[in-house]
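The next block holds one structure in the form of structure tokens; read it before the comments.
The values are calculated or read from the model by the stated rules, or taken from the named source; none is laboratory data. Since this is a predicted model, take the numbers as computed values, not measurements. Cβ atoms come from the backbone with ideal geometry, glycine included; neighbour counts cover every protein chain shown.
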Amino acid sequence: MKTILMKFASRACDLANLQPVVALFLGAALLAVFLTAFFQKQKPSDLNPSLLWRIYQQSNRFTWAAVLVLFLAGTVTLLRGYLGQTVTAFLRNHGRITEANYNAVQTIWGAEQVQGELSPELFWEEEITERIESEDLTIPAILRKKTVRHTVASNPFIAAHHEMTLKQNPRKKGSALYGGYETTCRFDWHLQNPSDRALQANLKFPLPADRAMYDALTAKLDGKDVLPQVQLKEGALILPLTLAPRQILNYKIAFKSRGMSFWYFQVKEAREIRDFSLTMILPDLPKSKLNYPEGCMTPTEIKPTNDNLGSILNYDLDHAISSKGMGISLPTLPQPGETTRAVLQNVEAGWMLFFAVLILTLTLTFESLSHAVLVSVLFGAATAFAYGLLGDFSDLLFEFWGTAAIILLPAFVFLAWLLTRVVKRRTGKLLAAQLFLYGILYPALAGLDGARETLYFNLCTLVLLGFVTWLLTKKYSVSRKADEIITAPPTPA
């Protein structure tokens, strides 16, 4: 018994920490049940002046009230656990993003791409002769030739004009979708030998990702194909060549690739950026869905595509110095069963609000407390099972909206009709309306409009408080009239 009480206390503390308002309403409902059971009126035959008999009656009423409260608390715990399992089971098979699956998709499809700018290495070599003298004068000096490399630090860039087209191509792994894309990149540089002498050059173009796939690769120097001369070293394409004094050259690289999550371009070397432009064509990303990686500058200009379904980002720089990048992050993808998941995650709070108001209403309106507790448990279990059917049939009946129309809504209509039959007059109709408010309207609004979830919850609590206040006022008014009739003096003949 002690273990059970400790578990109930632990669950109550967890609920109070996570949802204090819901815990308050449930606690008030359970307190109403306890007080009603403990202070219920005695039958005239049970009245006995004996002290032992009174103690026996009080202990019986206390035990009976405690049993009812524990039964309701156990029901709340079990059905809350059932709702949690329903949500967990649905999430396990719908849109469960894991790091392992993300890494697997990266291995198969391609990783995030961070593209660096062309890095030219300019130098000229000179052969010099070293004379090494010996301490022994009888030994002749040794002459040794060696090659010394002189690096040119001047900026060879005249202009750079790049274009990148990115199309989304989501990839599925397990039960979730991961943001993937395909790119078509074209890079164009105009460079000049900044020296009046011939120089050696290594044009190093870093590839944006390790172990990625690059298709339709081309490399042209002044219109001629130089791909056979390009070397692949340390994740970069290196083109060695000789530059004549003040020679101007045009170097172009193009390829198709694919990656995930984001694409990023950065001029990493500390230099003056001259006549630079980067055009990013995003045919399926409108302006409202644009998002940039951390550390990126905003585009110089954003234009819609011709069909208004995408965006064109232009970055224009001239005589600039900046280490900020330029790029795009893919938006969060809608996962399979996203609507059902969002609604199910808000079901628990709405269900507990309805269960609390159901217990309070039936306790205050039913003459038999045991019947009130039993009916509350039955209605609470029925609504919880309706949510379970929503998760089970979501994939079979046109996802959330189809399942809600075919299963959830008819089930709640039937339960609302039963409530109007069980609880008479206006009270039953108001209670049935709250079944729809807490059971369908609140989870749907909070799930589909997560930014205002707190607003919808607070409005529901205000409705609940207003209904309970009206119910208590009505109960007090009826009790006072009954007392006045009983205490009124008899009318003289």
Checklist outcome for this item: Of the conditions (1) loosely packed, with under 11 Cβ neighbours inside 10 Å; (2) at negative phi; (3) basic (Lys, Arg); (4) touching a residue at least 40 places away in the same chain (Cβ under 8 Å), the single one that Arg197 does not satisfy is (1)
Checklist outcome for this item: Taking first residues from the range 202-217 that are small (Gly, Ala, Ser) and second residues anywhere that are exposed (fewer than 15 other Cβ atoms within 10 Å of the Cβ) and not in a loop (DSSP other than H, G, I, E, B), the pairs with Cβ under 8 Å that are 6 or more apart or on different chains are Ala216/Lys256
Checklist entry - Does Thr420 count as of a type in the set (S, T, N, Q), without any contact (Cβ under 8 Å) to a residue 24 or more places away in the chain and outside any loop (DSSP other than H, G, I, E, B)? => result yes
Checklist entry - Taking the range 127-185 as the search range and keeping residues that are in a loop (DSSP other than H, G, I, E, B) and of a type in the set (A, V, I, L, M), which one is nearest to Gly337 (Cα to Cα)? => result Ala153
Checklist entry - Do we have Asp307 as among the acidic types (Asp, Glu) and either closer than 20 Å to Leu221 by Cα or surrounded by 13 or more Cβ atoms within 10 Å (Cβ to Cβ) (or both) here? => result no
Next on the checklist: If I filter the range 375-397 for residues that are touching a residue at least 24 places away in the same chain (Cβ under 8 Å) and over 37 Å from the mean Cα position of the chain (by Cα), do I get at least one hit?
Outcome noted: yes
Checklist entry - Which condition does Ser119 not pass, out of (1) of a type in the set (Ser, Thr, Tyr); (2) within 30 Å of Arg258 (Cα to Cα); (3) outside the structural domain of Lys268 (by TED's automatic domain parsing), if it passes all the others? => result (3)
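Yes or no, residue by residue, for (1) closer than 13 Å to His161 by Cα; (2) at pLDDT 95 or above:
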{"site": "Pro245", "(1), (2)": "no, no"}
{"site": "Lys252", "(1), (2)": "yes, yes"}
{"site": "Ser257", "(1), (2)": "no, yes"}
{"site": "Arg271", "(1), (2)": "no, no"}
{"site": "Arg274", "(1), (2)": "yes, no"}
{"site": "Ile281", "(1), (2)": "no, yes"}
Next on the checklist: Leu435 - would you say it is outside any helix (DSSP H, G or I) and either more than 20 Å from Leu91 (Cα to Cα) or hydrophobic (A, V, I, L, M, F, W, C) (or both)?
Outcome noted: no
Checklist entry - If you take the residues in the range 356-367 that are more than 15 Å from Phe71 (Cβ to Cβ) and more than 39 Å from the chain's Cα centre (by Cα), which one is surrounded by the fewest Cβ atoms within 10 Å (Cβ to Cβ)? => result Glu367
Next on the checklist: Of the conditions (1) hydroxyl-bearing (Ser, Thr, Tyr); (2) out of contact with any strand residue (DSSP E or B) (no Cβ under 7 Å at 6 or more places or on another chain); (3) part of a loop (DSSP other than H, G, I, E, B), Tyr292 satisfies every one except a single condition; which number is it?
Outcome noted: (2)
Checklist entry - Residue check, Leu317 against (1) free of Cβ contacts under 8 Å to residues at least 40 places away in the same chain; (2) over 30 Å from Ala444 (Cα atoms), all met but one. Which one? => result (1)
Item to check | Only one of Val105, Val33 that is within 30 Å of Phe393 (Cβ to Cβ) and either outside the structural domain of Ala160 (by TED's automatic domain parsing) or surrounded by fewer than 15 Cβ atoms within 10 Å (Cβ to Cβ) (or both) | outcome: Val105
Checklist entry - Looking only at the range 219-241, which residues are aliphatic (A, V, I, L, M), over 43 Å from the mean Cα position of the chain (by Cα) and closer than 16 Å to Leu122 by Cβ? => result Leu221, Leu239, Leu241
Item to check | From the options Leu68, Leu78, residue that is at pLDDT 90 or above and within 30 Å of Gly350 (Cβ to Cβ) | outcome: Leu78
